[in-house]
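Report on the structure given below.
The values are calculated or read from the model by the stated rules, or taken from the named source; none is laboratory data. All of these numbers come straight from a predicted model, not from anything done at the bench. Note that each Cβ is placed from the backbone with ideal geometry, even for glycine, and that neighbours are counted across all protein chains shown. Note: areas computed on protein heavy atoms with side chains; ligands, DNA, RNA excluded. Shrake-Rupley method; radii C 1.70, N 1.55, O 1.52, S 1.80 Å.
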Amino acid sequence: MFKKILIANRGEIAVRVIRTAKEMGIATVAVYSDLDREALHVRLADEAYSLGGETAAESYLNTEAILNALKLSGADALHPGYGFYSENTDFARAIAEIGVTFIGPPPEAIEVMGDKISSRIAAEKAGVNGVPGTVEVIKSHEEVIAFGEEYGWPVAIKAAYGGGGRGMRVVNSAAEAKDALESAQREAEKAFGRSESYMERYLTWPRHVEMQVFADNYGNAVWLGERDCSCQRRHQKLIEESPAPNFPDEVRQAMGEAAVKVAKACGYRNAGTVEFLFQDGDFYFLEMNTRLQVEHPVTEMVTSLDLVELQIKIAAGEPLPFTQDEIKRHGHAIEIRINAEDPAGGKFLPSPGKITKFIAPDGFGTRLDAGYLSGDTVSQYYDNLIGKLIVWGPDRESARRKMLRALGETEIEGVATTIPAQIALLKEPEFIEGTHSTKWVEQVPAIKDITTAIQPSDSIDDPLVKRDVTAEVNGKQVRVTLFIPESQIGGSTLPAAPSKKAQGKSKGHGGGAASSGSGKVAVPMQGTIVKVNVEVGATVAAGDTVCILEAMKMENAILADKAGTVSEVKVKPGDTVGTGDIVVVIS
Ligand code: MV4
């Protein structure tokens, strides 16, 4: 077994892994960016190493800094969590080269499942079908028309090297084929650098049902059960549950066996998830996620298995400790993702800031996996998942009621959260009946009616000031870096220095409230300008798009807040902007 695991991640998933490693008697090593110096995962780990930097690229994606932390700590294994390096085969190979075990699948399996066409071919070879369609790259729109005429409309055009719905177009008739193909290829080229597309029959009311699998190094592979993640908005999951509602046991069995076949076909090891679309009693392979997923706790709650413990044991070379027949599922689990986003008006705008109050729910069958406590700050630079609330009940309706009860006692102030949206969704008849689909959330009127004002934080930030001082440890001089609250510096003997600029804090949610009507058009969130629609001297009407901001994997139109003449354009395509930055001035 490993002696020391470095967790190359942050937030709730780093906390999640640290907890299990500690329970197994394994030492834990955290890594952190400058902004996460006092984050919960750092506080809980046995040791912590600075990566430096603020953005993900500067810190959690800084290979050299992580390799250095591995060397300094002497960790013999690394858990990547999800995101960041979890599906990066160059990184997995780089740590293997210095003798550190990557707690995850082999790089070859990650590569096979990394693109849509090769994963679809791998699944089909294993006898598991995707939605009826082609595995060849589309050469002309005539192929789309021929396919639609043969299999029926609508047809989905998808990016071969994409994901998350980008580069996907729904074609309803022959007349739409040409424009849709061109538009899909353009978006794929822009998003993924490759325009290749393929097509499938488009399912109009599918559910997203995924199957958790595990494989060891000795040819054993099992499925643990499915999760229904249909309740999502723009590919951001809001509610996940297991078992899937209205899901016959024969289908579960067949899907589980199909998932194991896919895993075996690609030489899979460790934890993986095979995603399917489910409609009218049939399921179709979509893709395989070669990592531990955010929603893994619902599987843990119904199987009573610790998936992180299993991951660590398998990576350490232990065989799966049970056979397929020994896996038992009982009851029903529901998870909601608590994101620092403001669902007001159905917009779900990022809401970073300091969590000034966080009262966690409790009680029988209630589990909170959070990466933050009261007083911690959610940075604009990372994923804004504060944590997950997971409940277990003997059946779906009791779990649903327990979730509403638990959400009712949860209090979060300082940042807005998605909780009001989840409360509304959990009360909708379609959710209660389990007749919703992946297209449902966007149609629920109650979501657009949410008026949650952000609970503002009135605490004044006391920025930390960095000081290098000389200290003596057992008589030996060492240079020590201290981070001291600015307010405590006044009367001290430490040298005075200009205070660190306070982190950009956004108060102007909802499309640049700070500039409303002023003509100073600001962006509501951090992102990249992908298009500028106006030039100096142009006449604009209020509501005209002045530029397109790409943020949170989506394009957002930035609108003129008043009519007038453009007097300044401060950005060009490719520029990165921060929350509240002014992009265009209208006079
Ligand atoms: C589909 C589909 C319907 N028919 N394919 C979107 C992202 C990508 N991973 C697959 N996606 C879909 N593919 C066919 N042939 C509907 C979706 C889809 C979806 C799938 C899973 C989870 C959420 C979704 C939301 C919208 C559309």
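Quick check on this structure: which one of Glu257, Glu318, Glu275 is in contact (Cβ under 8 Å) with a residue 12 or more places away in the chain, over 29 Å from Glu397 (Cα atoms) and either open to solvent by 10 Å² or more (accessible area, probe 1.4 Å) or more than 16 Å from the ligand (Cβ to nearest atom) (or both)?
Details: Glu257 fails: over 29 Å from Glu397 (Cα atoms); Glu275 fails: over 29 Å from Glu397 (Cα atoms).
Only one candidate qualifies: Glu318.
All of Leu67, Leu61 fail the test of being outside any helix (DSSP H, G or I) and touching a residue at least 24 places away in the same chain (Cβ under 8 Å), apart from Leu61. In segment 227-248, the residues that are farther than 18 Å from Ala446 by Cβ form Cβ pairs under 6 Å with partners that are among the β-branched types (Val, Ile, Thr) and in a strand (DSSP E or B), at six or more places apart or across chains, as follows: Asp228/Val209; Glu241/Ile334; Ala244/Val209.
Could you list, in sequence order, the residues of segment 1-10 that are under 16 Å from the mean Cα position of the chain (by Cα) and open to solvent by less than 10 Å² (accessible area, probe 1.4 Å)? The answer is Ala8, Asn9. Listed here are the helices (runs of 4 or more DSSP H) enclosed by segment 80-146 that have at least 3 residues being under 22 Å from Phe192 (Cα atoms), among the hydrophobic types (A, V, I, L, M, F, W, C) and not assigned by TED's automatic domain parsing to the domain that holds Glu196: 107-112, 116-125. Residues in segment 403-418 that are within 12 Å of Thr366 (Cβ to Cβ) and buried (at least 23 other Cβ atoms within 10 Å of the Cβ): Met403 only. Residues that are among the small types (Gly, Ala, Ser), open to solvent by less than 50 Å² (accessible area, probe 1.4 Å) and more than 13 Å from the ligand (Cβ to nearest atom) are absent from segment 154-162.
Screening segment 283-295 for residues that are under 23 Å from Met1 (Cα atoms) and open to solvent by less than 10 Å² (accessible area, probe 1.4 Å) and picking the one that is farthest from the ligand (Cβ to nearest atom) gives Leu292. Please verify whether Phe348 is without any contact (Cβ under 8 Å) to a residue 60 or more places away in the chain, out of contact with any Cys (no Cβ under 7 Å at 6 or more places or on another chain) and surrounded by 19 or more Cβ atoms within 10 Å (Cβ to Cβ), treating the condition exactly as stated. No: the conditions fail for Phe348.
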